[in-house]
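What follows is a short report on a single structure.
The values are calculated or read from the model by the stated rules, or taken from the named source; none is laboratory data. Keep in mind that what you see is a predicted model, and the values were worked out from it rather than measured. Cβ placement follows ideal geometry from the backbone for every residue including glycine, while neighbour counts extend to all protein chains displayed. Heavy atoms of the whole protein, side chains included, go into the accessibility calculation; ligands, DNA and RNA do not. Shrake-Rupley method; radii C 1.70, N 1.55, O 1.52, S 1.80 Å.
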Amino acid sequence: MIEQDVLRRFLFEDLGVRGEWVKLTTSWQASKQHQQGPQEAQQQLGQALAAVVMLSATIKFKGSMILQAQGDGDLRTLVAQSTHDRKIRGLIRSNDQVSTGSLETLFGQGRLVLTIEPECAQPYQGIVPLQGRNLAAALQTYFEQSEQLKTRLWLFANETHAAGLLLQELPSQGSNKADWERIEILADTVTEQELLELDCEHLLYRLFNEEEVRLFDAEPVEFQCSCSRPVIERTLRALGSGELDDILKEHGTIQVGCEFCSERYLFDRIDVETLLAQESVANQSKTQH
Ligand SMILES: [Zn+2]
């Protein structure tokens, strides 16, 4: 059976090197279905989603990891998000035409921000310039600079699949230089076709057949947007009653669309009055405590 929409971890037990492999199919197609943009921009989103699933699995946390690339070029914004239980979503904002090439060609001058949003703690953010051959190269720079962990990534996406391979030295153990280089050279022979088409066992065998690799069970990945009416209500409240009143006067209702999943939320005057009344109740109870 061909594996789809799964993450698999593997380990070179004696070498201090861990790995991950991810293949997104239905989840990838569902994510990009809601995004406008030329194929080149879509491919970047596929690569970013594959990356964020693997990166979120390298740390223990509950919450979301968000990879965000922002520049002044043809591709202005790219957001890829994965929760700890591998619910993914993403968005792109780009011109109708995007020049292909390095990250600078795609994004212009920009930055790559990796944010970890734990459920019950302050978010943590790391930033690197949006520079290099591709997203994988920029993320490698990120790990060299901020985590000081040897990390390599290979990312590919086409119309139907997005896939990735990650190697990282074990934080606690570290790896022997010669071992790391051998594994890295073997992994670097991976082709786009192999990564997009083979299942994990076949790929690992093709790349590392003389190495001892322990492969763990598949973990499912799916597209799921975390937007909801209460979240949109919070955003509307933040706009304030004056602004909301202006929109109501002009349009009669307030329509808010989610950019990740195209869900539309509609608020009429009564809805807006209710959500503003809830706010004043919440404020009163805050001041009483
Ligand atoms: Zn949504």
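Summary table below
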| quantity | calculated |
| --- | --- |
| Helix 39-56 vs. the chain, principal-axis angle (Cα, 0 to 90°, nearest 10) | 80 |
| Helix axis angle, 269-288 relative to the chain longest principal axis, alpha carbon, degrees | 80 |
| Glu273-Val231 FRET efficiency (beta carbon distance; Förster radius 25 Å; 0.05 resolution) | 0.80 |
| Principal-axis tilt of helix 241-251 within the chain, Cα atoms, nearest 10 degrees | 90 |
| Rh by Kirkwood over Cα pairs, then Stokes-Einstein D for the chain at 0.890 mPa s and 25 °C, µm²/s | 119 |
| Only Lys, Arg (+1) and Asp, Glu (-1) charged, at Cβ; the range 12-84 dipole about Cα centre in debye | 280 |
| Cysteines (scope the chain) whose Cβ has no counterpart Cys Cβ under 4.7 Å | Cys120, Cys200 |
| Cβ-based charge dipole, the range 176-289, positive-most Cα from Pro220, Ile185, Gln278 | Gln278 |
| Inter-probe distance in nm under a simple model that places probes 7 Å from Cα toward Cβ, at Glu201 and Glu13 | 1.8 |
| Counted charge near Asn134, where neighbours are those whose Cβ lies closer than 13 Å (Asp, Glu -1; Lys, Arg +1) | -1 |
| Computed FRET value (nearest 0.05) for Lys62 with Gln131, which takes r as the C-beta separation and R₀ as 35 Å | 0.65 |
| The range 109-155 - accessible surface per residue (Å², probe 1.4 Å) | 55 |
| Separation of the Glu144 and Ser241 label points, Cα + 7 Å toward Cβ, nm | 5.7 |
| Size of electric dipole in the chain: Cβ of Lys, Arg +1 and of Asp, Glu -1, about Cα centre, debye, nearest 20 | 620 |
| Whole-number percent relative contact order across the chain, with pairs defined as alpha carbons under 8 Å at least 6 apart | 22 |
| Gain in span if fully extended, Leu186 to Thr253, counting 0.36 nm per residue against the direct Cα distance | 18.3 nm |
| The chain, accessible surface, carbon-and-sulfur percent (1.4 angstrom probe) | 46 |
| Flagged links, alpha-carbon separation over 21 Å, of Lys32/Lys87; Lys32/Lys150; Lys23/Lys87; Lys32/Lys62; Lys150/Lys177; Lys62/Lys87 | Lys32/Lys150; Lys32/Lys62 |
| Cβ-based charge dipole, the range 30-94, positive-most Cα from Ile92, Thr77, Ala51 | Ala51 |
| Separation between Cα centres of the range 1-43 and the range 198-262, rounded to whole Å | 15 |
